[in-house]
Amino acid sequence: MTSATIDRISQIARPEVRDLPAYNAGLSSDVVRQRYGVDQIARLGSNENPSGPSPAVADALGGLAQTAGRYPDANCLALRAAIAGRTGLQSAEVVIGNGSENLLEALCLAFLSPGDRVVTLLPSFGLHEIYPRMMGAQVEMVPVTAAMEFDVPAWCEALAGGARPPKMAILSNPSNPVGCMLDDAAFERVVQAAPPETLLVIDEAYYEYASLSPGFPDALARLRQEDRPWIVLRTFSKAWGLAGLRVGYGLASDASLVQMLDRVRTPFNVNMAAQVAALAAWGDPEHMTTSVRAAVAQRDLMAAQLRAQGVTVAPSAANFLFLDLRRPNGPVAEALLARGIIIKPWKDAGYETFIRVSVGTAADNQRFVAVLADILRHGA
Ligand SMILES: Cc1ncc(COP(=O)(O)O)c(C=O)c1O
């Protein structure tokens, strides 16, 4: 391709897309194996559940090849009914996505126009900034405090202040990458501060883990008392162990909100294997709960061990920890990769000394704690 053609591609792309940062999806295990010549990989970069899904998922997927020639159910009726049944909503108020990231995208496609205000957190899950910017929205990011907690007064100010109300507020509770959470009282203050025109998007990707933290709010129950637009997003990728199959769901204030998302999503956005697997996983909550309890115990153990080494660890209600190494994170991440350990070095300005490490198997967690201590002692 000539450079003139490459320039032309850039010229004809929408300006919002031309300037968009790429999502940092991290390295695959295969790439790390090949690039660093290591056999044993500890995948601690994507907040996956090392226990994987319920054994019922394998059984459910077994017979799928025979029906793979058919399109999946475009409306995910069985899965929506199952989720509605347990969460107390109507099926029409439940929407399913190809991962909850697909629902974030659909929300932005359906509701955001160039120049709209969107309020979210800094540091944040990348797509909370990227998808609104893709639509030309102005994203205002509210930094966490020095203690790595939500800055509740700053959130209230961002929501209630400004010349015009935000079109959307995207709030992950608990946050990714920090892991901090808004408790009951803080959530109440944020809801009260949000103008009724603002679509509240509460991203609860780590809901099942955070539910074990005292004070974690029942956002769904609270928002159901509100006569305003809102949606709570959850996922099968984390606690339910189905990251590879891509299923997320949204619990919406009203069926009309779901219908707006239906207009912009691809018609068959959730494939057949994903629907079948999610339904089987949902039918075995005990498996999920057992793995979540184990992850929370491992998280607290790791946090205590790292703090004992002098590492600053942010409070976490999720299945990961955000660590301030007080030195550039790039060389440390490289040294960990060379030992087969994948974590996520944070790239946002102001957070270049932070890494996020997922809670993995007990063995991988202990390997991480020991190798990090070694790197911090002897240099990367
Ligand atoms: C806060 C948050 N939201 C959404 C997602 C997307 O999850 P998925 O698309 O796998 O459901 C993630 C994944 O890491 C996340 O951390």
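No value in this document is a laboratory result; all are computed from the given coordinates. Just so it is clear, the structure is predicted and the values come from calculations on it, not from any experiment. Every residue, glycine among them, receives a Cβ derived from its backbone with ideal geometry; neighbour counts consider all protein chains shown.
Which helices (runs of 4 or more DSSP H) sit wholly inside the range 1-45 and have at least 3 residues that are of a type in the set (A, V, I, L, M)?
3-12
Picking from 100, 124, which residue would you name as being within 25 Å of residue 256 (Cα to Cα), in contact (Cβ under 8 Å) with a residue 40 or more places away in the chain, within 15 Å of the ligand (Cβ to nearest atom) and buried (at least 23 other Cβ atoms within 10 Å of the Cβ)?
100
Could you list all residues from the range 225-261 that are of a type in the set (D, E, K, R) and either within 11 Å of the ligand (Cβ to nearest atom) or closer than 16 Å to residue 95 by Cα (or both)?
Within the range 225-261, 234, 238, 246, 254 meet the criteria.
Looking only at the range 287-309, count every residue that is more than 16 Å from residue 51 (Cβ to Cβ) and without any contact (Cβ under 8 Å) to a residue 60 or more places away in the chain and tell me the total.
Selection size over the range 287-309: 5.
Checking the structure you have, find out if any residue of the range 50-59 is more than 23 Å from the chain's Cα centre (by Cα), surrounded by 15 or more Cβ atoms within 10 Å (Cβ to Cβ) and not aromatic (Phe, Trp, Tyr).
Yes, there is a match, as at least one residue in the range 50-59 is more than 23 Å from the chain's Cα centre (by Cα), surrounded by 15 or more Cβ atoms within 10 Å (Cβ to Cβ) and not aromatic (Phe, Trp, Tyr).
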